[in-house]
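The block underneath contains the structure these notes are about, expressed in structure tokens.
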Amino acid sequence: MSDKMEFRAEVNKMLDIVINSLYSEKQIFLRELISNASDACDKLKYLVLTHPDLAKSAANLQIKILPDAEKNTLKISDNGIGMNRDDLINHLGTIAKSGTADFVKNVKDNGSGIDLIGQFGVGFYSAFMVAEKVEILTRKAGEDKAWKWISNGTDGFEISEAQKESNGTEITLFLKEAEKQYTDTIYLRQIIRLYSDHIGYPIVLNLGKAGEETVNTGSALWARNKAEITKDQYNEFYHHVSKNFDEPWMTLHFKAEGNLEYTGLLFIPSTQPYDLFQPDRKNGLKLYVNRVFISDKVEELLPNYLRFVKGIVDSSDLPLNISREMLQQNPLVAKIRNGIVGRILKELKNRIGKYDDYMTFWNAFGAAFKEGIYEDFGNREEIASLSMFHSTSDQNKLTTLDDYISRMKPEQKAIYYITGDDVKVADNNPQLEAFKANGIEVLLLVDPIDEFWPQVLTKYKDKEIKHVSQAKDEFKPVRDNAVKAKDEDLQKLTDFMAKELNGEVAKVTVTEKLTTSPVSLTVEDGQMSIHLERLMRSHQQQTAFASLRVLEVNPYHPLIIKLAEAVGNKAQKQKLSDMTRMLYDQALIAEGEAIKNPSFFAEKLSEYMAASF
Ligand code: ADP
Ligand code: MG
């Protein structure tokens with residue numbers, strides 16, 4: 001008796017894309033099926049740790065490839081963990097991973113999804129690129145029943161009870177007429193070597209009358225000697241562990257020796273994954289103990305700010321029976337993590353000197369990496385030294401803090417920064433006018449995390465790091481023959497403006513910092529910056545209070561001079577009131593803030609523009 005079942009809707013959609021729109025590099029289906037077989041062997045090996053009775057079934061783990069040119073079929077079998085009926089339905093009838101919708105969208109947007117197949121956990125379905133029918137015969141280790149799963153990839157699948165001697169999975173592809181080449185042993189050997197050489201179990205190719213041949217090297221790649229591993233082999237291993245298909249930007253293969261021994265094979269991708277900033281993203285490294293797979297995505301092995309690092313760690317010092325819960329408390333795990341962080345930071349230091357190369361890394365991961373300045377107390381200064389920032393000194397090039405320091409003026413005591421939504425808006429903020437007039441460089445910080453790390457890194461190499469608003473009147477622009485409003489008039493004007501804007505600004509003050517703008521907005525000392533307030537609002541975070549804002553006026557600006565002269569004049573009161581509001585609106589706009597009453601602003605602006613002719 002067999003049960004006929006439908007694929008879940010998202011599987012259908014995805015299958016349709018995989019089969020019909022991804023034509024290039026069809027041979028990757030074999031890599032995906034071998035990768036699954038290898039995972040299945042890993043899982044069985046791990047299960048044996050807690051179920052010693054299964055040890056016999058885990059002997060001689062291997063992957064077999066059996067082509068049959070006459071029947072035009074290709075069989076991929078393993079003696080790994082196998083699947084029971086529920087596994088078949090849950091793993092091959094639905095897509096458990098949350099990324100499916102993103103996968104479909106990505107393919108639609110970019111026209112190709114071949115690189116994304118593995119990343120979205122839909123590797124198995126790539127079999128339908130070359131097969132018109134797929135049959136799976138499988139039996140789970142430790143269980144008696146075996147199951148057969150059949151599908152043509154479009155009309156759902158059928159499951160029935162079956163017979164199978166031992167645990168493991170046998171996948172038979174009934175190849176499409178046009179895909180006969182996948183029964184050719186020479187071609188098969190070539191693609192297995194190309195994509196799967198790093199697999200840690202023997203991949204045995206059946207050559208028919210000529211017998212069998214183990215095609216891959218068969219030992220875990222990270223355990224081999226560095227000198228014997230080619231770049232292509234590293235890259236393929238990276239593809240396998242990361243499920244990414246770009247070139248890794250960094251490949252780091254090392255052996256830590258001493259009182260704690262472990263091997264690491266780590267990679268930094270060269271492109272940003274679509275979900276780098278999604279909170280439900282699963283991060284971490286694969287953990288092995290003496291080549292035995294222990295766990296996927298062990299978050300304890302990486303700090304969050306290095307969540308883009310992929311790869312494996314193999315340690316002989318951890319207990320084989322270590323569980324997920326124990327990983328969290330094991331002090332050796334924390335030590336390994338520290339060691340890994342140190343290696344990565346050192347390697348970044350080696351490469352920061354090559355600007356274009358480093359920017360590949362920085363553009364993809366800089367915004368996440370900088371979180372480390374906030375998070376990683378012990379490495380704070382080092383992470384800062386490896387970070388790149390936009391600055392007013394060069395629009396087209398980012399700078400390090402050290403380079404910034406090397407350009408500091410002799411009298412300049414601090415490193416100055418301003419935050420904003422983007423580089424242009426930040427660069428045009430009137431708060432920078434005095435800095436620019438004096439040739440003082442300012443860092444333009446535009447990532448959300450930039451609001452937070454300066455709160456903990458208040459100094460770098462003895463130089464204070466200060467928001468421009470904390471600079472007070474440290475820099476007064478040099479003004480030739482400057483005409484300034486009279487002090488007593490200014491006092492009256494700022495009083496008047498403060499009254500008009502009561503409830504919106506805490507106070508109105510006179511500043512020496514502005515050159516071209518009549519006004520600018522800042523906050524009282526110790527208050528959350530306006531940009532941060534906006535960020536919190538956009539994340540629906542309740543801000544306990546809105547920051548107390550300060551409107552600063554430029555006493556040298558012709559408009560301010562006129563307003564100061566007019567402030568006692570009753571006849572001008574309405575005009576003064578209108579203009580106060582308009583100036584405040586202007587200051588908001590320069591900050592990137594929304595104004596309260598845009599139609600008032602537009603109407604008054606037109607009115608005063610018309611009056612100027
Ligand atoms: P992924 O490998 O990313 O999980 P796949 O689409 O390649 O996604 O496979 C889906 C799931 O099907 C696997 O996670 C595994 O549970 C199951 N599976 C596939 N092939 C095998 C196999 N040879 N042995 C046991 N389970 C398998
Ligand atoms: Mg897979």
³J(HN,Hα) computed for each position of the range 454-465 - Karplus, 6.51 cos²θ - 1.76 cosθ + 1.60, integer Hz, glycine/proline x: x, 6, 9, 9, 8, 9, 9, 6, 6, 9, 5, 10
Cα centroid separation, the range 590-613 to the range 276-327 (Å): 57
Using alpha-carbon coordinates, inclination of helix 28-50 to the longest axis of the chain, degrees: 80
Amide hydrogen neighbours beyond the local backbone of Ala162, cut-off 5 Å, H modeled: Ala146, Trp147, Lys148
Protein accessible area in the range 166-282, 1.4 Å probe - carbon and sulfur %: 49
Aspartates and glutamates whose Cα lies under 16 Å from that of Lys140, excluding same-chain neighbours fewer than 8 positions away: Asp39, Asp42, Asp53, Asp78, Asp86, Asp87, Glu161, Glu165, Glu170
Residues with amide H under 5 Å from that of Ser295, placed H, sequence gap 5 or more: Leu287
Percent accessible area from carbon and sulfur atoms, the range 303-455, protein chains only, probe 1.4 Å: 48
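Only Lys, Arg, Asp and Glu count, each charged at its Cβ (+1, +1, -1, -1), so figure out the dipole size of the chain about its Cα centre, rounded to 20 debye.
440
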Heavy atoms of His51 accessible to a 1.4 Å probe, total area in Å² rounded to 10: 80
Carbon and sulfur %, accessible surface of the range 484-613 computed with the full protein complex present, 1.4 Å: 53
Relative contact order %, the range 143-254, counting alpha carbon pairs below 8 Å whose residues are six or more apart: 15
Per residue, in Å², the accessible surface of the chain once ligands and nucleic acids are set aside, probe 1.4 Å: 48
Entries of Lys255/Lys354; Lys310/Lys335; Lys513/Lys575 with Cα pairs more than 24 Å apart: Lys255/Lys354; Lys513/Lys575
Order of exposure, largest accessible area first, which applies to Thr400, Thr515 with probe 1.4 Å: Thr515, Thr400
Base-10 log of normalised Debye intensity for the range 333-399 (one unit scatterer per alpha-carbon) at q = 0.17, 0.27, 0.29 Å⁻¹: -0.63, -1.33, -1.42
Listed residues Met497, Met528 arranged by accessible area, highest first, probe 1.4 Å: Met528, Met497
Positive-end extreme of charge dipole, the range 135-205 - chosen from Ser196, Gly142, Ser160 (charges on Cβ): Ser196
Whole-Hz couplings from phi, Karplus 6.51/-1.76/1.60, listed for the range 421-436; x for Gly and Pro: 6, 8, 4, 4, 4, 4, 5, 8, 5, x, 4, 8, 4, 5, 4, 5
Per-residue ³J(HN,Hα) for the range 71-77, Karplus 6.51 cos²θ - 1.76 cosθ + 1.60, θ = phi - 60°, Hz, x for Gly and Pro: 7, 6, 10, 9, 10, 10, 10
Convex hull projection area averaged over all views, the chain, Cα basis, nm²: 36.1
Between 0 and 90°, nearest 10: helix 185-196 axis offset from the chain longest Cα axis: 40
Angle between the chain longest axis and helix 355-369 axis [Cα atoms, degrees, rounded to 10]: 90
Cα centroid separation - the range 432-448 against the range 186-228, whole Å: 57
Built amide H within the under 5 Å cut-off of Ile465, gap 5+: Ile415, Lys459, Tyr460
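Can you give the calculated 222 nm mean residue ellipticity of the chain, where each DSSP H run of n ≥ 4 adds -39,500 (n - 2.57) and the sum is split over every residue, rounded to the nearest 500 deg cm²/dmol?
Calculated mean residue ellipticity at 222 nm is -10500 deg cm²/dmol.
The values are calculated or read from the model by the stated rules, or taken from the named source; none is laboratory data. It should be emphasised that the depicted structure is a prediction, and the values quoted were computed from it without experimental measurement. A quick note on method: Cβ atoms are made from the backbone with ideal geometry, for glycine too, and the neighbour counts reach across all protein chains shown. Areas reflect the complete protein model, heavy atoms only, side chains present, ligands, DNA and RNA absent. Shrake-Rupley method; radii C 1.70, N 1.55, O 1.52, S 1.80 Å.
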